[in-house]
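Taking it in order: structure first as structure tokens, then the write-up.
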Amino acid sequence: MRNKQKDRLPLLIFPVLLLLLFVINLTADSRLSTVTAIASVAVLIGFIAYVRSERYSRRFPIERLITKEDKLIVFDQLYGSKQPPLKLPVEGIYALNFSYHYLGVIVDKNGKGYDFYYPHKASVIEERLKRVIGNDTFDKIKINT
């Protein structure tokens, strides 16, 4: 689906950069310590802005993250690149939970389920599931927002 090494690069650079700034902060004088503290906050804000950006969303189209194979819905794991996609039968889905960048799938009325973090708004994820499952089947599933 995508070059997973390239996708992981920003996620690996972020903690390394913060760790480097932390070490500099511990060993530096007070003036440099203040600069590294401010830089740490700036790096954190920049990373959060990147992950929530439209550019990041376009790299992972929802059409590739949620697909259908016969009577199974295939959910690709965006984070956790070593995991294979999760395939669930449509009939086994009891409830869906939607939030910003989040999809929760509850199976078999037992409260157990799966969490997916996608770089899309709840409305985009919901519309994709309606197209994949079909409106009639989607209306039978309990929806939590």
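Points worth noting:
- Computed label-point distance, nm, for sites Tyr117 and Val16 using a 7 Å Cα→Cβ extension: 2.0 nm
- A Förster radius of 25 Å, combined with the Cβ-Cβ distance separating Asn97 from Glu63, puts the computed FRET efficiency at roughly 0.75.
- Length added when fully stretched, Arg131-Ile38, from 0.36 nm per residue minus Cα-Cα: 29.0 nm
- Each Lys or Arg adds one and each Asp or Glu subtracts one; over the other residues with Cβ under 12 Å from the Cβ of Lys71, this totals -1.
- Positive minus negative residues near Tyr114 (Lys, Arg vs Asp, Glu; Cβ under 13 Å): -1
- Across the range 67-118, Cα pairs under 8 Å and at least six residues apart give a relative contact order of 25 percent.
Each reported figure results from applying straightforward, stated rules to the coordinates on display, with no laboratory input. Here the structure is a predicted model, which is why all the values come from computation and not from measurement. Ideal geometry is used to build each Cβ from the backbone, glycine not excepted, and the neighbour counts take in all protein chains shown.
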